[in-house]
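Just dropping this structure here.
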Amino acid sequence: MNNHQTRNRICYAVFSLLIILAGYTIENPYYIQVLTFIGINTLLALGLNMLMGYAGQISLGHAAFFGIGAYGTAILTVHYNLSPWLALPAAIAAAMIVAYIVGIPTLKLSGYYLGMGTLGFGMIVNILFREWSSVTGGASGFIGIPTLELGPVSFSSGRNYFFLVWGFVLTSFIICQRIIDSRIGRALRAIHDGEKAASAVGVDTRKLKLQVFVLSAAFSALAGFLYAHLVFFISPGTFSFIASIRMVTMVVIGGMASIWGSLLGASLLTLLPEWLHAFSEFEMVVYGLILMIVMIFLPRGLTRGLLDIYERANKKNDH
Amino acid sequence: MTTELPLLEIKTVFKAFGGVQALSDITFSLNPGSITGLIGPNGAGKTTLFNLISGVFPVDKGKIVFSGTGIKNKKPHTLVDIGISRTFQNVELFESMTVLENILVGQHTRTRCGMWGSILRFPWVAGEEKKAHQFAMELLDFVGLNGHADKTSGDLPFGWQRLLEIARALASRPKLLLLDEPAAGLNIVETMQLGDLIKKIREQGVTVLLVEHDMSLTMEISDWIVVLDQGEKIAQGTPRTVQADEKVIAAYLGTAGKKTED
Amino acid sequence: MELIPWPELHAMDQSIMQEILQYLFSGITNGAIYAVIAIGFSMLYNSTDLINFAHGEFVMLGSLCMVTFFGSMHLPLVPAIILTIICVAIAGLVFERLAIRSVKHPEPIVLIIITVGASIFLRGLGMIIWGKDAYSIPSFSSHPPLDIAGAKLLSQSIWIIVIFLVASVGLQLFYKKTLTGKAMEANAISKRAAWIVGIPSKLMVMLAFGLSTAMGGLAGVIIAPITMSSYDMGTMLGLKGFCAAMLGGLGSLWGALIGGFLLGILEALGVGFVSSGLKDATAFVLLLFILYVRPGGIISSADANRF
Ligand SMILES: Nc1ncnc2c1ncn2[C@@H]1O[C@H](COP(=O)(O)OP(=O)(O)OP(=O)(O)O)[C@@H](O)[C@H]1O
Ligand SMILES: [Mg+2]
């Protein structure tokens, strides 16, 4: 246990150093921008991983919470002139409340049915973003979201925003790591392994599932907030069914029940389209193929999959 | 036996699944500190009764009273909290977790650290964790699994998995322990050790309700036997009187006869 | 997605009854389409426990193949339809053979991502072959619309309903009367037992894929004249067909029919009397409603689990 903790501390220390190093040495604004997007996607993947990887509950509608975070801050800062720093907790709280209300009936479902329930919820929210044009700007989107500022520091420059996003990522990693290593984390994994047994040993599975659902919604909303103030313009397409699926894919490809897997998955799914631009019109075909191939050959995600291959190779060498 | 208040009372309990009457008009009670054997042929309704007592399903009719309070509408986790703990006929461990972690989850109702506690790491959390670890180690010692704390539970041999499941059930410090066929799949030596373990559990003051097909084990360690057949209670008494009961013999021979036929 | 062009309705010269009837007609037309898509979902789920998120893309392939064969190459109607369905079914079989059969641990989440990957792939393929344009083809015949109590029933609607009826009666006969159909039904009933004794029933799974995607193709065929067909039309159609299947009861033929028509009609009435913008939400609101109230769907007795 102690070993585990010191190892974690070292990991996070190295991780922080890497962030600082990257932030100060990378000059190319395009790279900084891509890394910032990776950070936002990591938050999305991390939140969903808590729900899917650890508690074993699938969601095909999480882009809704991403959208609630983004639209929440857009509406509050533009329509109500609220400071973004007040809009942040408000948007997160809104996502959490929605998650709580939707979670109560939805989390009673399991398997495909849970997938469908969350899918339906995500679609409805997305349609609301599109149709409630007086508030959300409708299909053409919401423009004029303000820049973040904190006293004299403006987060308009790439470097500052990079640090802001990755600061949130680091904090979120530590929060999730702490949850996973605690009584709550064990109970979550217990639900994953067997819900019946978990409740038979005293875990209030309904309450706990609801708690992680709300927690993961909070991370998604945080990502939505950061996204909105980075690009200043949001439209419903960003929070569609495809976006929900992309989040699920990040989790599964990176590795379920792995915090670092979220980082890996988010990185790959952010970078992949950038690389695929080279394929121009073959982009979608190649993207779809890669998804299928990874899932067919490494169904437990890249982190686990590569570890498995490594272990197998080691075993062969032994004999 | 004594005038003590019973720990668990089953009062005219009925349960049906669709058309199948799984239990009808079951009444009996458990004295504190006793080992009661619940026996009966396949499909008699033993596991169903366990599911009712542990709150998995609601009872259709009748009442189950634990320590003087009715358990109606109580959820399984609340029942663990008030002192009812169980194992499953087909071992249900948290297979991806270690032996130690399984027992730590077993202490869920006896520990408090919640979402905030784990994120903010309040000072008392570390103390609670440490105590939980200590107790888990004691339990591993108690069931004879010391030294295997860090193994993945799914990788354990089957007999050990049974022991681990019992240890996990004891982790909630229950007053009543429900064991569903704990000897199934064990060899003779393991079964004997299991018998000793159950007696040791009773010595700790835990009341045991035991469903078991291994008659020699059940008859040896039980103080009291309740016999179910096709959802009805057909006999109860001390092991000796039950063994001599004609209805019981008929029930077992009957099903044995049916089995040889097909 | 606008399936039916709404004839201009003038409140002045049409009574409310006529209006309702008009919406009903378009609801029934769309319902038949949803039902055909839902049947494809249910058939596959029945035989393989798999939900194919690429199903909508097979509908898209059907539409666009029809655009090519019927619209551009001017093949006669029946050969064009048959050719289209064969093409789509072959695509389905290739998908099964190359992707699905290679999966070693068919967990829902893995299958969801693989089929989603397939849907992106097919959409990309559609874009490469047909480009980003939207196409339309003429109706299967050029009869004037039928006038029923003042409401108009378009000739294509009649085609759609007739083709739908032929397809579902055909399927019913196939399942009840032919040996292969009975074998498939038996396999669907006892797939768990078959699994335990180690019968892979590969052929049955292939057949289910072929039939299911053929139904997808058929949906694409009948929808082509009443909508604009383009590479990205499949997602929403697939999801709605899926809602219909869930609504009726996943895995049941009758459930798919009931779900399809219910969705079509409620959606049409929703457009008429609430707001056309929120039309797309109808399917998902119904989906949530049924999941919360009766997760098994409208038909959810144990027996309805199969065809
Ligand atoms: N969840 C359920 N749904 C439907 N029927 C059930 C359910 N649980 C039990 N039954 C039925 O209730 C009856 C009693 O089953 P139960 O499992 O309680 O028997 P048992 O005495 O534990 O048998 P065994 O010795 O085989 O474990 C059986 O006919 C069984 O099919
Ligand atoms: Mg049993």
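A short reminder: the numbers here are calculations on the coordinates, not readings from a lab. Here the structure is a predicted model, which means the values were calculated and not measured. So basically every Cβ, Gly included, is an ideal-geometry build from the backbone, and we count neighbours across all protein chains shown.
Please compute P(r) over all alpha-carbon pairs of the stretch C:37-232, binned at 10 Å starting from zero, and give each bin as a whole-number percent.
9, 33, 32, 19, 6, 1, 0
I'd like the orientation of helix C:155-177 relative to chain C: the angle between its Cα long axis and the longest Cα principal axis, in ° from 0 to 90, rounded to 10.
Rounded to the nearest ten degrees, it is 20.
Turning to a different aspect of this structure: Apply 1/(1 + (r/R0)^6) to the Cβ-Cβ distance of residue A:20 and residue B:238, taking R0 = 56 Å, and write down the FRET efficiency to the nearest 0.05. All intermediate terms of the calculation are to be shown ahead of the outcome.
Values: r = 75 Å, r/R0 = 1.34.
It comes to 0.15.
Return one number: the angle in degrees, 0 to 90 and rounded to the nearest 10, between the long axis of the Cα atoms of helix B:123-143 and the longest principal axis of the Cα atoms of chain B.
Once rounded, one gets 40 degrees.
Sticking with the crude label model, points 7 Å out along Cα→Cβ, report the distance from residue C:189 to residue A:277 in nm, one decimal please.
Simple spin-label model gives 5.9 nm for this pair.
A further question follows. Around residue B:220, what is the net charge, scoring Lys/Arg as +1 and Asp/Glu as -1 over all other residues with Cβ under 10 Å from its Cβ? Intermediate results must be reported in sequence, preceding the final value.
On the way: positive: B:199; negative: B:214.
Computed value for this residue: 0.
Further, regarding this structure: Can you divide the C-alpha Rg of the stretch A:174-220 by 2.2 N^0.38 Å and report the result to two decimal places?
Scaled against compact globular proteins, the figure is 1.13.
What do you get for the angle between helix B:246-261 and the principal long axis of chain B? Use alpha-carbon atoms, 0 to 90 degrees, nearest ten.
Rounded to the nearest ten degrees, it is 90.
Under 10 Å, Cα contacts only: if you run a Gaussian network model on chain B, which one of B:153, B:85, B:96 comes out with the highest mean-square fluctuation?
Checking each option, the largest mean-square fluctuation is seen for B:96.
Can you flag which of B:15/B:46; A:108/A:196; B:15/B:75; A:108/B:61; B:11/B:74; B:63/B:175 are past 21 Å Cα-Cα? Walk me through the numbers on the way to the answer.
On the way: B:15/B:46 12 Å; A:108/A:196 13 Å; B:15/B:75 17 Å; A:108/B:61 26 Å; B:11/B:74 17 Å; B:63/B:175 19 Å.
Pairs exceeding 21 Å: A:108/B:61.
Does the protein assembly as shown come out rounded, prolate or oblate by the C-alpha gyration tensor, with a ≥ b ≥ c the root eigenvalues, rounded set by a/c under 1.5 and, if not, prolate when a/b is larger than b/c and oblate if not? Each step should come with its number before you reach the end.
On the way: a/c = 2.02, a/b = 1.36, b/c = 1.49.
Oblate.
If you don't mind, there's one more thing I want to ask. With a cut-off of at most 16 other beta carbons within 10 Å, and DSSP calling the residue loop, which trypsin sites (Lys or Arg not before Pro) in the stretch C:39-118 qualify? Please list them. Before the final figure, lay out the partial values.
Numbers: sites: C:97, C:101, C:104; in loops: C:104.
The qualifying sites are C:104.
Grab chain C and count how many Lys pairs have their alpha-carbon atoms under 23 Å apart, sequence gap of 8 or more, or different chains.
So the count works out to 12.
Antiparallel versus total DSSP beta bridges in chain B: what percent is that, nearest 5? Don't skip to the answer; put the middle values down first.
Values: 20 of 36 bridges.
Around 55 percent antiparallel, to the nearest 5.
Here is a further query. Running a GNM on chain C with Cα contacts under 10 Å, which residue among C:271, C:78, C:36 ends up with the highest mean-square fluctuation?
C:78
For peptide B:161-169, compute the average count of partner chain beta-carbon atoms within 10 Å of each residue's beta-carbon. Intermediate values should be presented prior to the final figure.
On the way: counts 0, 0, 0, 0, 2, 0, 0, 3, 2.
Across B:161-169, the average partner-chain Cβ count within 10 Å equals 1.
What do the square roots of 5 times the Cα gyration tensor eigenvalues come to for the stretch A:87-178, in whole Å, largest first, as semi-axes of the equivalent ellipsoid? Spell out each step's value before the answer.
Details: eigenvalues 185, 98, 26 Å².
Equivalent ellipsoid of the stretch A:87-178: 30, 22, 11 Å, largest first.
Sorted from largest down, give the three principal axis spans of the alpha carbons of the stretch A:232-319, whole angstrom values.
57, 29, 20 Å, listed from the longest principal axis down.
Moving on to the next point. With a/c under 1.5 counting as rounded, go ahead and sort chain B into rounded, prolate or oblate using the C-alpha gyration tensor (a ≥ b ≥ c being the square roots of the eigenvalues; past the cut-off, prolate if a/b is larger than b/c, else oblate).
On the way: a/c = 1.94, a/b = 1.53, b/c = 1.27.
Note, shape of chain B comes out prolate.
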